[in-house]
Amino acid sequence: MKLERIRALREDNDWSQQVVADQLHINRRTYSAYENGANNIPIDILIALSRIYHTSTDYLLGLSDKQTPPPPKK
């Protein structure tokens with residue numbers, strides 16, 4: 001997991017941890033623990049983060065350096 005990417009995306013949007021936590025419907029402390037690596041990010045939260053930031057889970061995981069997600073399959 002590339003935790004610095006999650007933090008950078010949040011900061012690029014000028015959002016606080018509370019703003020992102022509210023979008024995820026979780027506690028700010030829980031989100032902070034994910035962002036700081038204290039807790040592993042569950043798959044459903046990872047998917048939600050990719051949707052919030054309009055990027056791929058591969059980018060968030062560090063498996064790709066392409067920030068934009070691939071086009072949807074038909």
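The values are calculated or read from the model by the stated rules, or taken from the named source; none is laboratory data. No experiment lies behind these values; they were computed from the predicted model shown. Backbone-built Cβ (ideal geometry, glycine too); neighbour counts: all protein chains shown. To get the accessible areas, we keep the full protein, side chains included, count just its heavy atoms, and leave off ligands, DNA and RNA. Shrake-Rupley method; radii C 1.70, N 1.55, O 1.52, S 1.80 Å.
Things to note:
- Close pairs from region 17-34: first without any contact (Cβ under 8 Å) to a residue 60 or more places away in the chain, partner not in a helix (DSSP H, G or I), Cβ under 6 Å, at least 6 apart: A33/N39; Y34/I41
- Residue that is surrounded by the fewest Cβ atoms within 10 Å (Cβ to Cβ) [pool: residues in region 1-57 that are charged (D, E, K, R) and more than 11 Å from the chain's Cα centre (by Cα)]: D14
- Residues (open to solvent by 30 Å² or more (accessible area, probe 1.4 Å) and hydrophobic (A, V, I, L, M, F, W, C)) located in region 58-74: L61, L63
- Note on the chain: enclosed helices (runs of 4 or more DSSP H) holding 3 or more residues that are among the basic types (K, R) are 3-12.
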